[in-house]
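Okay, structure first, notes after.
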């Protein structure tokens with residue numbers, strides 16, 4: 001009892017020390033929270049004292065309990081797997097020929113279109129060869145035309161005509177090859193995207209064996225994840241899921257690909273989900289996939305904490321049956337359909353309208369008469 005009055009005195013002291021009007025909001029909130037804490041402690045002490053009084057007095061009183069009224073609600077079950085954000089439009093760009101870089105036309109972070117020039121290599125030697133071959137080609141064309149006119153008049157030998165034709169064709173092919181080599185001296189963007197990195201500098205040697213840039217497009221990103229084969233029967237195309245990137249964002253998506261191959265090393269199969277374009281996402285980011293593998297409409301859902309288990313392993317709850325102004329406790333065996341988070345789906349044993357003992361459930365027994373001090377409805381999702 002002395003402790004009780006000490007607590008009451010402390011609370012009154014705090015109330016008497018109420019904040020002046022000019023104190024800031026945070027100080028007022030601190031005092032409010034402190035008073036709430038003291039109030040809770042005082043309430044707990046009062047309950048203990050009431051229990052002690054009931055024990056010492058000759059008066060008989062029924063146990064006090066609170067109850068929750070069962071209502072129908074939806075139930076969803078999820079499981080989580082780890083995935084990786086990917087994009088097919090993430091490429092290293094290689095030059096098609098070797099040469100000294102003479103110009104870089106773009107910078108890192110710049111957006112480019114498909115086919116846009118990124119770099120130019122030194123092709124001066126090839127151009128000189130083209131000029132020389134063009135001169136030879138012009139002469140070969142003149143020789144061929146003269147031989148053709150003579151051949152059409154049955155003058156000259158067939159060998160001379162064929163030699164002139166062959167020489168002209170050879171130089172045409174050589175010229176075409178050299179022109180192709182000149183075009184290979186320009187590095188172009190393979191698709192529209194953003195330049196994520198440029199490796200060499202002007203004046204350095206480029207080679208087909210070494211990348212010169214990286215280009216990325218974030219337009220068509222997706223998430224892949226390896227899922228245990230235990231979930232194979234529960235995964236299907238079109239199933240909804242949430243993609244959670246810690247510290248970035250959470251977006252809704254659906255499964256658009258389910259792998260048919262089981263990896264023998266870890267007994268998993270691969271799934272993929274499309275991602276909407278988001279400037280915050282990057283390829284190779286880790287993501288958690290929260291997959292909704294069960295959804296039920298209008299079923300009985302109660303808090304996990306209300307379900308108990310007896311010595312035989314049966315799950316049960318205590319139900320209140322009205323008995324005039326009081327209630328009788330009934331031990332009701334229930335069938336669990338699944339749990340997620342703080343909720344449990346009851347597939348059998350309860351119906352909407354039933355009253356389940358909440359506070360006080362650990363102190364009552366089946367058949368006991370109790371008084372109901374408070375009743376609430378189980379929240380509908």
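The values are calculated or read from the model by the stated rules, or taken from the named source; none is laboratory data. Please read all numbers here as calculations on a predicted model, not as lab measurements. As a convention, Cβ positions derive from the backbone with ideal geometry for all residues, glycine included, and neighbour counts pool all protein chains shown.
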- [ ] All but one of (1) farther than 30 Å from residue 236 by Cα; (2) in a loop (DSSP other than H, G, I, E, B) hold for residue 284, so report the exception by its number.
- [x] (1)
Open item on the list: Out of 241, 252, I need the residue that is assigned by TED's automatic domain parsing to the domain that holds residue 280, under 30 Å from residue 78 (Cβ atoms) and buried (at least 16 other Cβ atoms within 10 Å of the Cβ). Which one?
Closed with: 241
TODO: Out of 369, 315, report the one residue that is more than 42 Å from the chain's Cα centre (by Cα), in the same structural domain as residue 70 (by TED's automatic domain parsing) and surrounded by 13 or more Cβ atoms within 10 Å (Cβ to Cβ).
DONE: 369
Open item on the list: Whether any residue in segment 170-184 is in contact (Cβ under 8 Å) with a residue 24 or more places away in the chain, part of a helix (DSSP H, G or I), surrounded by fewer than 17 Cβ atoms within 10 Å (Cβ to Cβ) and assigned by TED's automatic domain parsing to the domain that holds residue 280 is what I want to check.
Closed with: no
Open item on the list: So, residue 336, is that one in contact with a strand residue (DSSP E or B) (Cβ under 9 Å, 6 or more places away or on another chain) and within 25 Å of residue 292 (Cα to Cα) or not?
Closed with: yes
TODO: Just give me the residues in segment 19-77 being at pLDDT 70 or above and in a loop (DSSP other than H, G, I, E, B), in sequence order.
DONE: 24, 61, 62, 63, 70, 71
Task: Check on residue 358, surrounded by 14 or more Cβ atoms within 10 Å (Cβ to Cβ), outside the structural domain of residue 290 (by TED's automatic domain parsing) and touching a helix residue (DSSP H, G or I) at 6+ places or on another chain (Cβ under 7 Å) - done: yes
- [ ] State which residue is modelled with the lowest pLDDT when the search covers only segment 208-219 and only residues that are surrounded by 13 or more Cβ atoms within 10 Å (Cβ to Cβ) and touching a strand residue (DSSP E or B) at 6+ places or on another chain (Cβ under 9 Å).
- [x] 218
Task: Residues that are over 11 Å from residue 213 (Cα atoms) and part of a loop (DSSP other than H, G, I, E, B), drawn from segment 94-119 - done: 96, 97, 98, 105, 109, 110, 113, 114, 115, 116
Task: Single condition residue 265 does not satisfy, out of (1) loosely packed, with under 15 Cβ neighbours inside 10 Å; (2) out of contact with any helix residue (DSSP H, G or I) (no Cβ under 9 Å at 6 or more places or on another chain); (3) farther than 30 Å from residue 72 by Cβ; (4) touching a residue at least 12 places away in the same chain (Cβ under 8 Å) - done: (4)
